[in-house]
1. When you check GLY44 against the structure, is it open to solvent by less than 20 Å² (accessible area, probe 1.4 Å), under 27 Å from GLU104 (Cα atoms) and in contact with a strand residue (DSSP E or B) (Cβ under 7 Å, 6 or more places away or on another chain), yes or no?
2. Can THR12 be described as in contact with a Ser or Thr (Cβ under 7 Å, 6 or more places away or on another chain) and either free of Cβ contacts under 8 Å to residues at least 40 places away in the same chain or among the polar types (S, T, N, Q) (or both)?
3. Taking segment 70-102, which residues are within 15 Å of VAL14 (Cβ to Cβ), loosely packed, with under 11 Cβ neighbours inside 10 Å and over 15 Å from the mean Cα position of the chain (by Cα)?
4. How many residues does segment 39-56 contain that are over 13 Å from the mean Cα position of the chain (by Cα) and either assigned to a helix (DSSP H, G or I) or of a type in the set (Val, Ile, Thr) (or both)?
5. Do we find a residue being open to solvent by 30 Å² or more (accessible area, probe 1.4 Å), without any contact (Cβ under 8 Å) to a residue 40 or more places away in the chain, of a type in the set (A, V, I, L, M) and touching a Ser or Thr at 6+ places or on another chain (Cβ under 9 Å) anywhere in segment 27-34?
6. In segment 70-108, what count of residues is obtained for those that are in contact (Cβ under 8 Å) with a residue 24 or more places away in the chain and either part of a helix (DSSP H, G or I) or in contact with a strand residue (DSSP E or B) (Cβ under 8 Å, 6 or more places away or on another chain) (or both)?
7. Can we say VAL14 is open to solvent by less than 50 Å² (accessible area, probe 1.4 Å), closer than 18 Å to GLU94 by Cβ and not basic (Lys, Arg)?
8. Of all residues in segment 57-69, how many are crowded, with 18+ Cβ neighbours inside 10 Å and assigned to a helix (DSSP H, G or I)?
Amino acid sequence: MAHIGIDQPVVTMVNVFTVEPANQQKLVDILIEATDAVMSKVDGFVSANIHASLDGTRVVNYAQWKSEEHFAAMLKNPEVHPHFGEVRAIATPERHLYKVVYTEDAHV
């Protein structure tokens with residue numbers, strides 16, 4: 001599970017995929033399969049959260065890794081490459097790394 005906080009020792013990858021609405025669920029399925037089968041077993045993986053836009057044109061992957069180095073090593077891992085190809089066949093990714101600088105919760 002993702003723990004979002006400025007004190008968390010992680011790097012956050014946010015990948016926004018642009019996709020045709022007819023392919024949104026297929027993309028979600030590919031990302032879930034890749035996460036379950038490969039990503040979750042890669043050293044440094046912390047969490048992944050897949051979000052589907054209500055208009056069907058975007059999918060967001062909010063993932064946490066232990067460090068930038070772990071993330072870079074994952075990108076070089078040959079086991080992840082087939083999934084990248086499947087994704088790029090139906091969607092355009094835009095990936096960036098982030099650090100959490102502020103959070104606020106509702107005071108209930």
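The values are calculated or read from the model by the stated rules, or taken from the named source; none is laboratory data. Values in this document were obtained by computation on a predicted structure and should not be read as measured data. In this analysis, Cβ positions are derived from the backbone assuming ideal geometry, glycine residues included, and neighbour counts consider all displayed protein chains. Side chains included, ligands, DNA and RNA excluded: accessible areas come from the protein's heavy atoms. Shrake-Rupley method; radii C 1.70, N 1.55, O 1.52, S 1.80 Å.
1. Values: open to solvent by less than 20 Å² (accessible area, probe 1.4 Å): yes; under 27 Å from GLU104 (Cα atoms): yes; in contact with a strand residue (DSSP E or B) (Cβ under 7 Å, 6 or more places away or on another chain): yes.
In short, yes.
2. Considered against the rule, which asks whether it is in contact with a Ser or Thr (Cβ under 7 Å, 6 or more places away or on another chain) and either free of Cβ contacts under 8 Å to residues at least 40 places away in the same chain or among the polar types (S, T, N, Q) (or both), THR12 comes out as no.
3. Hit for segment 70-102 is VAL101, nothing else.
4. Narrowing segment 39-56 to residues over 13 Å from the mean Cα position of the chain (by Cα): 41-44, 53-56.
Checking which are either assigned to a helix (DSSP H, G or I) or of a type in the set (Val, Ile, Thr) (or both) leaves us with 41-42.
Counting residues in segment 39-56 that are over 13 Å from the mean Cα position of the chain (by Cα) and either assigned to a helix (DSSP H, G or I) or of a type in the set (Val, Ile, Thr) (or both) gives 2.
5. First, the residues of segment 27-34 that are open to solvent by 30 Å² or more (accessible area, probe 1.4 Å): 29, 32-33.
Filter again for without any contact (Cβ under 8 Å) to a residue 40 or more places away in the chain, leaving 29, 32.
Filter once more, keeping what is of a type in the set (A, V, I, L, M): 32.
Imposing the further condition that a residue be touching a Ser or Thr at 6+ places or on another chain (Cβ under 9 Å) reduces the set to none.
There is no residue in segment 27-34 that is open to solvent by 30 Å² or more (accessible area, probe 1.4 Å), without any contact (Cβ under 8 Å) to a residue 40 or more places away in the chain, of a type in the set (A, V, I, L, M) and touching a Ser or Thr at 6+ places or on another chain (Cβ under 9 Å).
6. Kept after step one, since they are in contact (Cβ under 8 Å) with a residue 24 or more places away in the chain, are these residues of segment 70-108: 70-71, 73-74, 77, 79-80, 83, 86-87, 90-103.
Retained after the next criterion (residues that are either part of a helix (DSSP H, G or I) or in contact with a strand residue (DSSP E or B) (Cβ under 8 Å, 6 or more places away or on another chain) (or both)): 70-71, 73-74, 83, 86-87, 90-100.
Total satisfying the criteria: 18.
7. Criteria met by VAL14.
8. Within segment 57-69, residues that are crowded, with 18+ Cβ neighbours inside 10 Å and assigned to a helix (DSSP H, G or I) number 0.
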